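The values are calculated or read from the model by the stated rules, or taken from the named source; none is laboratory data. Small disclaimer: the values here were computed from a predicted structure and weren't measured. Positions of Cβ are generated from backbone atoms using ideal geometry, with glycine treated the same way; all protein chains shown enter the neighbour counts. Accessible surface is based on the protein model in full, side chains and every heavy atom, while ligands, DNA and RNA are left aside. Shrake-Rupley method; radii C 1.70, N 1.55, O 1.52, S 1.80 Å.
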Amino acid sequence: APVSADAVSSRPAPPPLASPRSAAGMLSVVAGLLLAVAAGGQGSAAGEQESPPGSRFVCTSLPLDVAGTGCPLPPVPVQGGGLAPEEELKATVLQLRETVLQQKETIGSQREAIRELTGKLSRCESADGKSATGTWKKELGKGKDTMGDLPRDPAQVIDQLSRTMQTLKDRLESLEHQLRANVSYAALPNDLREMLQRRLGDLERQLLSKVAELEDEKSLLHNETSAHRQKTETALNALLERVSELEKGNSAFKAPDEFKVSLPLRTNYLYGKIKKTLPELYAFTVCLWLRSSASPGIGTPFSYAVPGQANEIVLIEWGNNPIELLINDKVAQLPLFISDGKWHHICITWTTRDGMWEAFQDGEKLGTGENLAPWHPIKPGGVLILGQEQDTVGGRFDATQAFVGEMSQFNIWDRVLKAEDIMNIANCSTNMPGNIIPWVDNNVDVFGGATKWPVETCEERLLDL
């Protein structure tokens with residue numbers, strides 16, 4: 001740019017520079033100006049012709065090795081107490097030095113803040129096993145225990161950790177903004193920022209690891225609960241099996257037939273089962289002792305089912321209906337009344353010829369009839385159940401049709417017994433086990449909580465009278 005000699009000699013002192021790099025640029029400019037001034041002085045001393053008034057010079061900075069040549073300048077007049085060029089250069093250098101010292105002090109204070117933050121992060125990520133209850137929790141949580149007795153709800157734990165993490169991120173971002181505002185880009189190297197980010201990443205991984213540990217602990221607790229429940233169920237099942245074994249092994253009956261089966265609840269899983277099955281029958285007599293404790297209706301004392309016919313033989317009293325005898329799904333109502341809670345002896349006879357049937361209670365014939373499944377033989381190979389009505393062979397019981405009470409002396413013959421024999425059995429004056437199904441201990445199994453107990457039926461009946 002065009003300048004005059006007066007402008008060069010009277011230029012004010014340069015302002016303080018912002019950084020060492022800008023100071024180097026200022027030194028380069030000042031060196032160029034001094035070379036120009038020196039060249040002008042030499043030209044004046046040699047007696048060169050002065051320039052006419054109003055003329056202008058254009059000068060440029062030159063390297064040091066060509067300082068002897070350059071753009072001639074008019075002599076610089078010294079104005080009342082003005083500084084010489086050398087002294088002006090010295091003042092400029094001093095100002096630059098003061099600026100550099102100020103920048104160093106600023107950088108030192110910022111480095112101290114960085115070291116303090118680094119120390120805090122080092123304390124945060126200490127791996128001495130105290131991350132659950134140590135000092136770093138209080139540093140992050142501002143004195144609040146954030147990782148101690150955590151709530152059992154993992155969602156709350158994760159939310160609390162997220163808030164703590166966000167607070168730390170905000171503090172680091174705030175510090176980084178301050179560093180950017182007070183220190184030049186060269187004063188905060190990339191290595192330091194990468195170190196801070198790496199430390200922050202390590203802390204994030206620690207927090208995520210803690211959350212994963214809490215999730216694992218929750219899963220382990222659930223598994224332990226399931227294992228404990230399964231262990232308890234196994235122990236209960238073993239206890240039930242042991243009780244059943246003891247009940248089966250309690251064969252201290254005075255005789256093999258002096259026992260009763262007890263069905264105390266109206267359910268679909270308490271029942272007794274006769275091990276033997278029936279052959280093909282053209283006539284039968286069924287007798288048993290009953291004491292019912294349910295109302296209305298005693299339920300189903302026994303049922304016999306075969307493939308294709310679940311109601312081959314059934315004795316049932318359901319609800320307020322009378323007692324019914326079903327043979328091949330055909331029904332006959334029996335004039336029996338046994339729901340008074342006392343022991344009663346029941347006998348039922350049937351023959352395929354004309355479907356004739358008879359009903360006896362306590363030795364007396366109370367009813368007879370015919371046309372009950374006439375000319376239908378009883379099919380063999382079925383399942384005989386005590387206390388439940390079968391919808392399929394050996395299963396699909398209905399609790400509303402279950403028998404509740406006690407029974408004993410369940411016997412089946414393959415013929416129609418005489419009335420005198422039935423009376424003698426009811427009076428306990430004769431012992432006639434069934435020739436098809438006898439009432440003996442090793443022929444009766446109980447299930448679902450049904451029990452077998454020793455009993456002398458006739459003696460108990462006398463107590464009921």
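General observations
- Just one residue in the set Ile412, Ile425 is open to solvent by less than 50 Å² (accessible area, probe 1.4 Å) and assigned to a helix (DSSP H, G or I); that residue is Ile425.
- Residue list for segment 90-122, restricted to those being closer than 30 Å to Gln206 by Cβ and surrounded by 12 or more Cβ atoms within 10 Å (Cβ to Cβ): Gln110, Arg111, Ala113, Ile114, Leu117, Thr118, Lys120, Leu121
- If you go through segment 428-443 and keep only what is open to solvent by 40 Å² or more (accessible area, probe 1.4 Å) and of a type in the set (A, V, I, L, M), you end up with Met432, Val440.
- Scanning segment 280-296 for residues that are open to solvent by less than 10 Å² (accessible area, probe 1.4 Å) and of a type outside the set (Ser, Thr, Tyr) gives Leu281, Phe284, Val286, Cys287, Leu288, Trp289, Leu290.
- Test for Lys342: is it in the same structural domain as Thr267 (by the TED database) and not in a strand (DSSP E or B): yes
- Unmet requirement for Lys418, which otherwise passes all of (1) over 28 Å from Pro256 (Cα atoms); (2) surrounded by fewer than 22 Cβ atoms within 10 Å (Cβ to Cβ): (1)
- Being of a type in the set (Lys, Arg), more than 57 Å from the chain's Cα centre (by Cα), open to solvent by 10 Å² or more (accessible area, probe 1.4 Å) and over 26 Å from Ala426 (Cα atoms) is a property that Arg396 lacks.
- Residues that are in a strand (DSSP E or B) and among the acidic types (Asp, Glu), drawn from segment 345-363: Glu358
- Test: residue in segment 378-390 that is over 15 Å from Leu278 (Cβ atoms) and surrounded by fewer than 21 Cβ atoms within 10 Å (Cβ to Cβ): no
- Segment 325-377, subset hydroxyl-bearing (Ser, Thr, Tyr) and more than 60 Å from the chain's Cα centre (by Cα), residue most open to solvent (accessible area, probe 1.4 Å): Thr368
- Just one of the numbered conditions (1) modelled with pLDDT under 85; (2) surrounded by 11 or more Cβ atoms within 10 Å (Cβ to Cβ) is not true of Leu208: (1).
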